[in-house]
């Protein structure tokens, strides 16, 4: 007697959604099979599985976060406020997913794009609506859709104590969280939040994201992803020096032999040097004259070539860039000055000794 056996399987999928990241988490997959056979050429009754084999597709959390500005280090200036950087978060999980976002300064002199962090920005805030509203601390994106991106803005203030050439690097970190909370999702957890081995009838969670750029203990498959952005400070660097020489006295007149006797006229040279990488404008100088000088005699003058001790090197002598000089009692105010990068700008004042 000869038996011939054959097995035919039928696959039934319930609520399956096909998309770029695979079958939607929570989908029930049902699979049944039938068996047919013959005995000595006679077809026998079909044998079917009494129940379909079913399981629920688990959730693979996968996402990325990238810095989205064209420039890795944005050029800014000392004292600038609300300087923005842009990031993009993409959810490639096979289901909607919530994320908690935190922006921080890097610490420990990290290097980003070969630029070592040496200072911090302040007042860090995050916006999820294109800059319409800003929040400090942790911000949550609830149920970001499958294959959906979200643009995130981060802004901060540059302290005016920072110097030309300083580098500030920041980090934005996204963490996969349970919807409605900021509780981190743990790999191997189920919809009830408990850890377990594989359960065919429960939607379990698998963390499947990369590590991103990070200073935290983030690694691949830990539910965290981070991106960096930087600032490069361009600022003027100003120094002010003040020198004096005698222009004339009541005995020798205008002469190289003039001395600093009562009634003599003294020339003061105020020399502003800018060694920074950008120009400085709206410079104001306040000079309080000592009581030995007569404030009522102050005048702004051009440099006199024979006053060798009062020389403005590599710059403009005299009132320079349309400086405004005003006197109130013994206080001299010089305003509206501009000093170009790698240049000097000088103002000369004359005043009599009492």
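Any read-out appearing in this document is the output of simple, stated calculations on the displayed coordinates, not a laboratory observation. Quantities reported herein were computed from a predicted structural model and do not represent experimental measurements. When we count neighbours, we look across all protein chains shown, and the Cβ atoms used for this are built from the backbone with ideal geometry, even at glycine.
Tabulated data for the structure shown
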| item | result |
| --- | --- |
| Those residues of region 279-298 whose amide nitrogen sits under 18 Å from the label point placed on residue 242, 7 Å along Cα→Cβ | 283-298 |
| At 0.692 mPa s and 37 °C, Stokes D of region 61-233 from Kirkwood alpha-carbon radius, µm² per second | 195 |
| Estimated FRET transfer efficiency when R0 is 35 angstrom, pair residue 38-residue 186 (beta carbons, to 0.05) | 0.05 |
| Region 61-233, relative contact order in percent, only Cα pairs under 8 angstrom and at least six apart counted | 31 |
| Full-stretch length increase - residue 160, residue 47 - with 0.36 nm per residue and alpha-carbon distance subtracted | 32.4 nm |
| Percent breakdown of C-alpha pair distances by 20 Å bin, ordered from the shortest bin, for the chain | 22, 29, 21, 15, 8, 4, 1, 0 |
| Residue-span extension gain [residue 201 to residue 113] - 0.36 nm each, minus C-alpha spacing | 27.0 nm |
| Residue 136 paired with residue 328, simple spin-label distance in nm, labels 7 Å along Cα-to-beta-carbon | 3.5 |
| Spin-label model distance (nm) - residue 350 vs residue 297, 7 Å beyond Cα toward Cβ | 1.1 |
| Net length gained if the chain between residue 70 and residue 284 were fully extended (0.36 nm per residue, minus Cα distance) | 73.4 nm |
